Amino acid sequence: MRRTLVPLAAAGAALLATAAPAAAQDPVGGWEPAPSPAWSYPAGARCDFAVRGAPVVDEVVKRTVATYADGTKVVEYKGDLVVRVVNSATGASYDADASGRALVEVRPDRSQRWYVAGPILAGFGEGGGNVARGLYTVDGIYTLDVSPTGYKTLTMLSGSTDALCDKID
């Protein structure tokens, strides 16, 4: 089965162009809540110190826009998301905007490809990707590939990364 996904620049432009409210885009429904769970990591896993996060604003919704015979799904995500990232030892915190819009290809082998416009929160373990260990707000137009083993490859078309561990150290 052959699938063609929109090239990165076109995907980003399409995501940005379709930022109208859900009701205007999909009057018959299809969007459902996609709540973000709280999380925590021990010292050394993402930051030099133990860190945790939980949404303080979570209005993210999702819908499946394509399903293929091999089990691959393409899911669209959008909505406001702000995550409070906390240094567990000191209580220092930072509210990170993760309100980007994404199309995510989820494959049967658990690998994923994210086409993203706007900010998301991304964590990288030691040796777990092409970005140094840490927690980041990634903002711009980019892809994020996640292998079946969890290795992450971030490819930026334009944008930036902001190291959150530094903000709460």
Residue-by-residue Karplus 3J(HN,Hα) for the stretch 102-112, coefficients 6.51, -1.76, 1.60, Hz, glycine and proline x: 9, 10, 10, 8, 10, 9, x, 7, 6, 6, 9
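What is the sum of charges around Tyr115, taking Lys and Arg as +1, Asp and Glu as -1, for the other residues whose C-beta is under 12 Å from the C-beta of Tyr115?
-1
May I ask for the net charge around Arg52, where only other residues with Cβ less than 12 Å from the Cβ of Arg52 are counted and Lys, Arg are +1 while Asp, Glu are -1?
Numbers: positive: Arg46, Arg84; negative: none.
Taking every Cβ under 12 Å from that of Arg52, the sum is +2.
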Inter-probe distance in nm under a simple model that places probes 7 Å from Cα toward Cβ, at Val82 and Ala50: 2.7
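Around Thr153, what is the net charge, scoring Lys/Arg as +1 and Asp/Glu as -1 over all other residues with Cβ under 10 Å from its Cβ? Could you put the intermediate results ahead of the total?
On the way: positive: Arg113, Lys152; negative: Asp145.
Neighbourhood net charge equals +1.
Using 0.36 nm per residue of separation minus the Cα-Cα distance, give me the extension gain between Arg110 and Ala92 in nm, one decimal. If you can, show how the numbers build up before the last one.
Values: separation 18, 0.36 × 18 = 6.48 nm, distance 3.43 nm.
Using 0.36 nm per residue and subtracting the Cα-Cα distance, I get 3.1 nm.
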Within the stretch 105-169: Cβ-based charge dipole about Cα centre, in debye rounded to nearest 20 (Lys, Arg +1; Asp, Glu -1): 200
Extension gain, Glu59 back to Tyr151 (0.36 nm per residue minus Cα-Cα distance, nm): 30.3 nm
Under the Karplus curve 6.51 cos²θ - 1.76 cosθ + 1.60, θ = phi - 60°, whole-Hz ³J(HN,Hα) for the stretch 88-95, x wherever Gly or Pro sits: 5, 7, 9, x, 4, 9, 8, 8
Estimated FRET transfer efficiency (Ala69, Glu126; beta-carbon r; R0 41 Å; 0.05): 0.60
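Bear in mind these aren't lab numbers, they're just calculated from the coordinates by the rules spelled out. All values reported here derive from a predicted model rather than from experimental measurement. Backbone-built Cβ (ideal geometry, glycine too); neighbour counts: all protein chains shown.
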